[in-house]
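Below is one structure, written out as structure tokens, with a few remarks after it.
The values are calculated or read from the model by the stated rules, or taken from the named source; none is laboratory data. All figures in this text were calculated on a predicted structure; none of them were measured in a lab. Neighbour counts are summed over all protein chains in view; Cβ atoms, including those assigned to glycine, are modelled from backbone coordinates with ideal geometry.
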Amino acid sequence: MALQSGCKNLMTKGIFVHRTDSIYDDSPAERYQFPRQYLTRVSACIGDWIIYYEPRKVRDTRGYFAVAKVAEVIPDPTARDMYLALIEPGTYLDFPNRVSFNGPAGLVERGVLNEEGKISGRAQSAVRPLSTEDFNRIIDLGLAEDDSFLPRSDATCEIVQAEMPGPFPLEVERDRVTNLGSRLVRDRLFRRRVVEAYDARCAVTGLKLINGGGRAEVEAAHIRPVDRGGPDIVTNGIALSGTVHWMFDRGLIGFSDDLEILVSRQANDPDSIHSLINKTRFAIPPLRQLERPHPAFLAWHREHCFKQ
């Protein structure tokens, strides 16, 4: 049974605190588990955007690391007095830039300050409301563009620039929210996030090719495509050269859960495919464990795309 937030004008943006080592049954692109004490605050976010934050005390914290939209809140069927905030499909987006709690210009989430300008106890709350001003500030920092990750095609670049009138410091909140739902913008930010995770290197060939303009030739492939329910999250991505990306999308290659590279027996020229694979026969993963392809997405690709 879904819980409603009440009147639509009571919707508010929020901060959801999530740790990589969380004891809660969280999957940030899909759901956020929380106890009853936060039910009112989370319910107020139904239909609006929230930003995920990892506390400073977590080693190598990501800070403010992603944005998503809350679709509904339901009682957790598996845990008493626990609830789930369900994320609207296709809205989760990793920040390509790390946003710290206290940056060069001071606090980015200024709603945690008290009347004396000091950090209040609100900063310790796992779920807290977020003002539009603070939301915009965090979005601007988290999604600021880097020209080195522009699309390779000048034509595509012109289309994206037409849709994005500047690198995200936009004046109107509506424009920011519109861009969060733009497929062109999301693809561009997803590419940057994945290419950085793999150090601009193709996970299959091991090649790191940089063109004359100083931009990486590698592409960011969705393991489970967006039009098949795949999220724009780095664990649903893998960096591949253009040819390998084409083969992956057509099921000529796949990956086991431990990233062994699989070649389809239906390939017309398997020897040529094998010649492209790096000598380890395993995909070269990101250095950070939390950025590796998730087994659930790899399994989906093997079941629905890979030609056995």
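Of all residues in segment 287-308, none satisfies being at pLDDT 95 or above, touching a Lys or Arg at 6+ places or on another chain (Cβ under 6 Å) and either closer than 16 Å to VAL244 by Cα or polar (S, T, N, Q) (or both). Among the residues of segment 26-46, just one is among the β-branched types (Val, Ile, Thr) and either assigned by TED's automatic domain parsing to the domain that holds GLY229 or surrounded by fewer than 18 Cβ atoms within 10 Å (Cβ to Cβ) (or both), namely THR40.
Return the residues of segment 201-223 that are assigned to a loop (DSSP other than H, G, I, E, B) and over 17 Å from LEU276 (Cα atoms); say none if nothing qualifies.
The first filter runs over segment 201-223 and keeps only residues assigned to a loop (DSSP other than H, G, I, E, B), leaving 201-209, 211-215, 217-218, 223.
The answer is ASN211, GLY212, GLY213, GLY214, ARG215, ILE223.
Across segment 61-96, what is the total count of residues that are touching a residue at least 60 places away in the same chain (Cβ under 8 Å), within 18 Å of SER22 (Cα to Cα) and more than 13 Å from the chain's Cα centre (by Cα)? Of the residues in that region, 2 qualify.
Take ILE23 and decide whether it is surrounded by fewer than 18 Cβ atoms within 10 Å (Cβ to Cβ) and in a strand (DSSP E or B).
Details: surrounded by fewer than 18 Cβ atoms within 10 Å (Cβ to Cβ): yes; in a strand (DSSP E or B): no.
Judged against the criteria, ILE23 is not a match.
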